[in-house]
Amino acid sequence: MRMGPGEHRSVAFSDEAELEPVLAPFVSEGLAGRDKVLYITDVTHPAVAVGLLRGWGIDPDAHAGRLEVRALGTSDPDVMVAELTEAAHRARAEGYRALRFTGEMSWAVREGTETLTAFETQVQAVFDSGLAMGVCQYDRRVFPPVTLSELQRLHTGTDVDLEFDGALLRIRRSARPPGLDLDGEIDANGVGELARALSSAVRRERGDVHVDMGRISFIDLSGLRVLVDTATALAEGRSLVLNRVPEHVVQLIRLIGWDRAPGLRVRGGGARWSP
Amino acid sequence: MEPMIHQACLYGSDREFLDMAVPFVRDGLADGEPVLVTTTSANLELLGEALGGDAARVDHAETAYYGRRTAQRATAFTRYWRRNSRHRRVRILAEPVWQGRSARDVLAWKRMESGLNVLLDDTGIWMICPYDTRSVGAGIAEDALRTHPSVCADGRTARPSGAYADPLDFIGRCDAAPLPAPPPDATSAPIDEINDVRRFVTEAAHRRGLTGEGASLLAVAAHEAARYLGMPLTAAVWAGFGSLVCDLRRPGKAISDPLAGFRPPGPVERAEDGLWLARQVCDHVDVRSDAAGCTIRLHASGPRLQTG
């Protein structure tokens, strides 16, 4: 997901590991290119955010003056937007192409939805000027799901339920039934992302985890193995339920004998593979 | 666990069949061992009558449907062992269909008979393979002595087979003839990315009338074979009578294990699992390595297959 000036995205996360796929490239591409980076924290101490960046292979000390990590000083959206506008203009004056901004949005839980909407709308104007681009961080543990879906409208190209958006595979969270929606083709290229999304779904949900396979046109043995490994690792009484599985995939699962794997339930009815 | 035993029994009459089969089955049942009988419907009937009430304790399958192809057959045996592996000994009476088979099929089944010595080596299976000399040709009976380390006439005692051949040598001879070259009307293309293999194969299959599940399964087989072979490769697809054939050739590659893909996947992922899947899905899979590279040839059922 390479971003350019003017773009305004969001990332919803349940633990810090989920920030890495979005924020690590966002920050490091800016530093490798001609951008300045501003990272604003709220509940997280700036030193912890610096630690996260280090963990992703980004050394803030090596980019002093260009990569700034600091705590939010205000809860007034007007002040925040003014500060951001000023930082963006200063970056341009210093010769940078744009300001890359990322910030924790947890302050909005204290301030209320209206303040948040006001902020997101005003900040859009800063991005629209082409001087800046941004990724807003939403912690799923503190934001109500309704607020998260309303926020989708305010961010370009964003989808708070999107877990992975690759060339061949898209993984989204689903609320009803709880689990994942898969779309595309699963082979070695997407299998790591699938494993990660499945394990976070297993941690997130309490009961069965559902996977909608209705838009999966191709899955290979390595993909099927990730599904069956996830299922067999589930605690007693929980299942991984595969819904709308394409007929030829049902046949493959039976051939391998995984239709009898503990914890796996396979329901047919999906599409056929066509390129 | 007892060591694996693999014996041939050449019989020329119903009496000779029963003289071997009845003691073999009865001894197993008496020792509480799982017993599987997979043979012709005629022999199942004979044996069932001879066993009387004991027949109910015998696992059985009509042989034509117990693993339609060799890779499925080998897998069925492995799974029967895995399901019963708490026993030290598992008995299998296994008589393949030989009559009416094409030369290529006969060769594939001989090849498997030899391969079982390697594939089932780490099991406690005692397998007797009856050969009906009234119907199988002389060549098949002779090769039974090359593919089984010992022969058994009474279901109890063994006599070593002097003609027994090392399985890898025997299989090497089965694979000696080069694969026929693809026909001039084959569609062929060099492919760099693995995800283009399934696209190429599916499109070529569609153009030859194979659609739906058949095309999807061939695409999976080709993808898995390509994953085993490695990229880049050259793919070719053509139609044979009743089949669709897909060649994958990788220069500079060699596959040394002639039994790769005959062992079913277990809990731990192995490289050959994908080739196993290809062998399950296809009617035939040929693997040939030469000085210049390696070819995997997949044969799938053609679009006009009727399934009743």
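The values are calculated or read from the model by the stated rules, or taken from the named source; none is laboratory data. No experiment lies behind these values; they were computed from the predicted model shown. Note that each Cβ is placed from the backbone with ideal geometry, even for glycine, and that neighbours are counted across all protein chains shown. Note: areas computed on protein heavy atoms with side chains; ligands, DNA, RNA excluded. Shrake-Rupley method; radii C 1.70, N 1.55, O 1.52, S 1.80 Å.
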**Complete:** When restricted to B:82, B:68, the only residue part of a helix (DSSP H, G or I), open to solvent by 20 Å² or more (accessible area, probe 1.4 Å) and of a type in the set (Lys, Arg) is B:82
**Message:** For the stretch B:260-303, give me the residue count where each residue is part of a strand (DSSP E or B) and among the hydrophobic types (A, V, I, L, M, F, W, C).
**Reply:** 6
**Prompt:** Do you know which residues across the stretch A:43-55 are open to solvent by 40 Å² or more (accessible area, probe 1.4 Å) and either part of a loop (DSSP other than H, G, I, E, B) or in contact (Cβ under 8 Å) with a residue 40 or more places away in the chain (or both)?
**Reply:** A:43, A:45
**Asked** Taking interchain pairs and intrachain pairs at least six residues apart, which have beta carbon atoms under 8 angstrom, with the first residue in the stretch B:208-237 and more than 7 Å from chain A (Cβ to nearest Cβ) and the second hydroxyl-bearing (Ser, Thr, Tyr) and open to solvent by less than 10 Å² (accessible area, probe 1.4 Å)?
**Response** B:215/B:202; B:218/B:202
**Request:** For the stretch B:140-177, enumerate the residues that are among the aliphatic types (A, V, I, L, M) and without any contact (Cβ under 8 Å) to a residue 40 or more places away in the chain.
**Result:** B:163, B:176, B:177
**Item:** Residue pairs meeting the criteria (Cβ under 8 Å; at least 6 apart or on separate chains; first farther than 20 Å from residue A:186 by Cα and more than 13 Å from chain B (Cβ to nearest Cβ), in the stretch A:223-251; second open to solvent by 50 Å² or more (accessible area, probe 1.4 Å) and not in a helix (DSSP H, G or I))
**Value:** A:239/A:265
**Request:** Give the residue that is most open to solvent (accessible area, probe 1.4 Å), with candidates limited to residues of the stretch A:173-200 that are of a type in the set (D, E, K, R), touching a residue at least 12 places away in the same chain (Cβ under 8 Å) and not in a helix (DSSP H, G or I).
**Result:** A:183
**Restricting the stretch B:118-154 to residues that are of a type in the set (D, E, K, R) and in a loop (DSSP other than H, G, I, E, B), the residue that is farthest from residue B:90 (Cα to Cα)** = B:134
**Item:** Residue within the stretch A:71-84 that is of a type in the set (D, E, K, R) and assigned to a strand (DSSP E or B) present
**Value:** no
**Prompt:** Which ones in the stretch B:31-65 are part of a helix (DSSP H, G or I), more than 21 Å from residue B:105 (Cα to Cα) and touching a Pro at 6+ places or on another chain (Cβ under 8 Å)?
**Reply:** B:43
**Complete:** Output for Cβ contacts, cut-off 6 Å, separation at least six or different chains, first residue more than 14 Å from chain A (Cβ to nearest Cβ) in the stretch B:278-304, second in a loop (DSSP other than H, G, I, E, B) and among the β-branched types (Val, Ile, Thr), reads B:287/B:255; B:289/B:255; B:294/B:255
**Hits in the stretch A:164-180 (condition: closer than 17 Å to residue A:145 by Cα and modelled with pLDDT of 85 or more)** = A:172, A:173, A:174, A:177, A:178, A:179, A:180
**Message:** Given the criterion outside the structural domain of residue A:170 (by TED's automatic domain parsing), part of a loop (DSSP other than H, G, I, E, B), aliphatic (A, V, I, L, M) and modelled with pLDDT of 90 or more, identify the matching residue among A:58, A:40.
**Reply:** A:58
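Among the residues of the stretch A:252-268, how many are more than 8 Å from chain B (Cβ to nearest Cβ), surrounded by fewer than 17 Cβ atoms within 10 Å (Cβ to Cβ) and outside any helix (DSSP H, G or I)?
Going through the stretch A:252-268 one residue at a time, the tally reaches 4.
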**Message:** Tell me whether the stretch A:158-166 contains one or more residues that are more than 14 Å from chain B (Cβ to nearest Cβ) and without any contact (Cβ under 8 Å) to a residue 12 or more places away in the chain.
**Reply:** yes
